[in-house]
Every structure is written in C-alpha cells, then in structure tokens.
Amino acid sequence: MIPETQYQIDGIVPNRIERPNSESDLQQILLAETPRQLVLAGNGSKLGMGNRPEKVDLLLSVARLNRVIEYVPDDLTVTVEAGMIFSDLQNLVAEQEQFVPLDPPYSRNATVGGIVATNSSGSLRHQYGATRDLVLGLRVFLADGTAIKSGGKVVKNVAGYDLNKLFVGSFGTLGVISQVCFKLYPKPETERTILLTFDSAKDAVAFGREIHATQLLPAFLNLSLNGLPTTEIVQPCLLVGIDGSAETVSWQIDQISQMTKHKTASLSTCSDEQGKNLRLAVRDFPVNPNRSSNRLVCRVNLRPSDLPNFIDTVLESVDVPPQIMALIGKGVIHLAFSHPNDHPTGLVDTIQNLRAQVVANRGNLVIELAPVEVKEQIDVWGEVGSTLGLMRQIKSELDPNYRLNPNRFVGQI
C-alpha cells in the first residue's frame, strides 16, 4: 500500500481519501458526495500527470477493487476490477501461457484502471497496438452513480458514443472505471532482444527506419539516445525485440545481422538475463519519474516519417539535449530533461519551440511530468484545436457538473 503522502498531486495532499471495497461502496460514495468534486486514482503511479489541481478535497482510489471477475483462457479474454496491479494480472494469465501485450511503465505499481484511463501502453504497441486496441469492454460508474457497460458481452452505449474509445485515455474525467476486459495473446515461444550501437544518432535513426521498412515483424523497435537509464549504454543505439517461434526469431535475427554489413553498426544478441534487463529499462524509461523532482518528461506524437527531422532539431537546438526514447515505427518519442528546476524559464521556452514544430507537423507534445515551477508557466497538454468543443460536449453529457478530475485534462476539462 502506498503511504498517504504518495497520493499528493504536485505537492497538494488530499484532505480525505476514500477506498471503496466493492462496486456498491463506489456507487454509494459517488451518490453521497454529490456535488463534491473528486480526484480519481488507482495506486497513485500516474498522479504526476496532468494539470495541477487547485485543491483536492476528496481523492477516490479504486485500489481495493482488485478481484478477477472472469477468466476464460480458451476465449483469450480476462475481466478484472480496475484496482488490480497490472503485473498481478500478467502473472495470473501467465499460468496459462498467455499475456496482455502491453508493457506500460511501472506495471509493478500501476493499476489496470490507471493504465486504461491514461491509455498508457509501451514499446509492444509496435506489434500489438496501444491499450485502446486491446480493451474489449469496460464497466464504468458515471458521476451520478449510474453504472454502464461497453464492449465485451454487453453493449450499452450512451448518447450514441463508442464508450470503449471514449473512456480509454479520458484521464478519469468521464467516469470511474471499475472493470476492464482485455484481449489476450499466447505467450511467444521465444523472446530475444538485439542491441545495435552506432557512431551517430543519424545512423541509428536511418537504420531503424530501414528495419521498419522491411517485412520483419519485431515486437518493438526503439531508438535510445544520450544514455539509457539503469544501463551503462551511452552511445546511440537501437533496441529490437524479436518474439515468436524459435525458427522465426532466428531467421529475423539473421536478416537484421545481414543488414548491418557495410554499416557502422555493432550488433549483439542479448542473453536471456541481459534481454530481460534491457526490456525493463526500455519499459520504465526514464525510471520512475512520477516521484522525481529533477525530471521533466515529454511525450511527442508525430507521423513516423517526421521523426528524423524532429530528433535532429532536438539534438541541434537544445543546449543540454534530453535522454530520448523513440518508437521508430509509431512516431512516439519520449524526452527526459534532467534538473529542470535549474533553469525552468529557459526550459519552458525550449518546450514551446519544440511544441510549435510538432504542431506544425500535425502532431502533439504533452508534458507527462514536470515540477510545479514549470507547470505554472506552460499548459502540459498544449492546444487541441477544433476537437476541444466536441470533448467539452461529451464531458457535459456524461459529467454535467464537472465533478470528476476537474481541470486536470486538456482544455481544463
């Protein structure tokens, strides 16, 4: 159990914390606390994300809603309550040689509900898709205590909306997720991790794009620049996960090895232990930032074709370049700046300049973690354009009194 102080948000400690033991308790809290505003949480691993709240009178945690509702291995589906720790879910289905193909950061602390509410996924989305693609159904309580279901075996959409797509990534602003049904996959027979190191970032990016352009099917294809936390790797590198049958894995590794000929690349196939450690380093990049006051972490989403130019801009225009982790095939880039408190204003200017370039290329830049001094000077979400009106309309229909996670999401929703 995370201590009470771990539920603080940007230095603000909740006046009261409620932890319902059942869905009935959850419903009663929502009804009893009308019209009080509520901040929602699971185990507290993602409370550093979002705008800083003005105050937190009541924090509602679903951490005690952690039961298995239904697991049907033959159907490759599992339904659990939202407070279950994600690694516990993976351990459960691993007994049947299955897994949920998501590798979100801090899955030993993050709850299923928190992962779904923030659409947190990870590097495996290269092959399997993001969280939104793997959620088959949800059970959600609206602010007025009404329970609704979507997907799975029961479909009850509200006002014509596709609830699965609405609630995944809604940051807890539309309802309290109480149950999640996931699509499962058989565990791969073999998992191998390849480490490719390069003399320059440009060579690493170019080779990563070459791999992506082939018919190879890596589980993940990541670029790491300026050091990979928890490892001794400092040079530009690619980390490639190859999963599947032993024969297929061996063939794909051989193909990549052949591609390195006449390149300035050094290839090594990791041992099982080395591969496990590298996958953990990639998954948790940049290492538990939620409770770190000396990090500023941004997530950039671009078209994959725009990724090389953006990385060039970061490396050339930023005085102290951040650590970079990029999903080559998806155009997702994480930037981790160290010691932002040393120069908050200058860093804000840097982020604004980078955001302008991203927006010009039809992408977005979200600040996932930042000190309060930075959050006071810049909107962590940035502009969302013409979709904001629709988002506010949906919010007004599902939570007309703006009770859930007020002002924490885009456009102060």
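The values are calculated or read from the model by the stated rules, or taken from the named source; none is laboratory data. All values reported here derive from a predicted model rather than from experimental measurement. Note: ideal-geometry Cβ built from the backbone for every residue, glycine included; neighbour counts use all protein chains shown.
What to note about this one:
- For segment 349-370, a residue qualifies if it is farther than 26 Å from S305 by Cα and out of contact with any strand residue (DSSP E or B) (no Cβ under 7 Å at 6 or more places or on another chain), but none of them does.
- Applying a threshold of 8 Å to beta carbon distances and a minimum spacing of six or more residues, or different chains, the list of pairs starting in segment 236-251 at a residue that is over 14 Å from G275 (Cβ atoms) and ending at one that is among the charged types (D, E, K, R) reads P236/D199; P236/D203; G244/E189; S245/E189; A246/E189.
- Some residue of segment 131-148 being at pLDDT 95 or above, closer than 22 Å to I413 by Cα, out of contact with any Asp or Glu (no Cβ under 9 Å at 6 or more places or on another chain) and assigned to a loop (DSSP other than H, G, I, E, B): yes
- Selection status of A130, more than 26 Å from P35 (Cβ to Cβ) and either in the same structural domain as I242 (by TED's automatic domain parsing) or among the aliphatic types (A, V, I, L, M) (or both): yes
- Candidate set from segment 244-263 (those that are at pLDDT 95 or above and either touching a helix residue (DSSP H, G or I) at 6+ places or on another chain (Cβ under 7 Å) or at positive phi (or both)); member that is surrounded by the fewest Cβ atoms within 10 Å (Cβ to Cβ): M259
- When the strands (runs of 3 or more DSSP E) confined to segment 150-255 are screened for residues that are farther than 30 Å from P322 by Cβ and under 24 Å from the mean Cα position of the chain (by Cα), those reaching at least 2 such residues are found at 176-183.
- Some residue of segment 88-99 being among the hydrophobic types (A, V, I, L, M, F, W, C) and assigned to a loop (DSSP other than H, G, I, E, B): no
- The listed residue being touching a residue at least 40 places away in the same chain (Cβ under 8 Å) and out of contact with any helix residue (DSSP H, G or I) (no Cβ under 7 Å at 6 or more places or on another chain), out of N109, N119: N109
- Residue, nearest to D133 (Cα to Cα), within segment 106-122, restricted to residues that are surrounded by fewer than 24 Cβ atoms within 10 Å (Cβ to Cβ) and not hydroxyl-bearing (S, T, Y): N119
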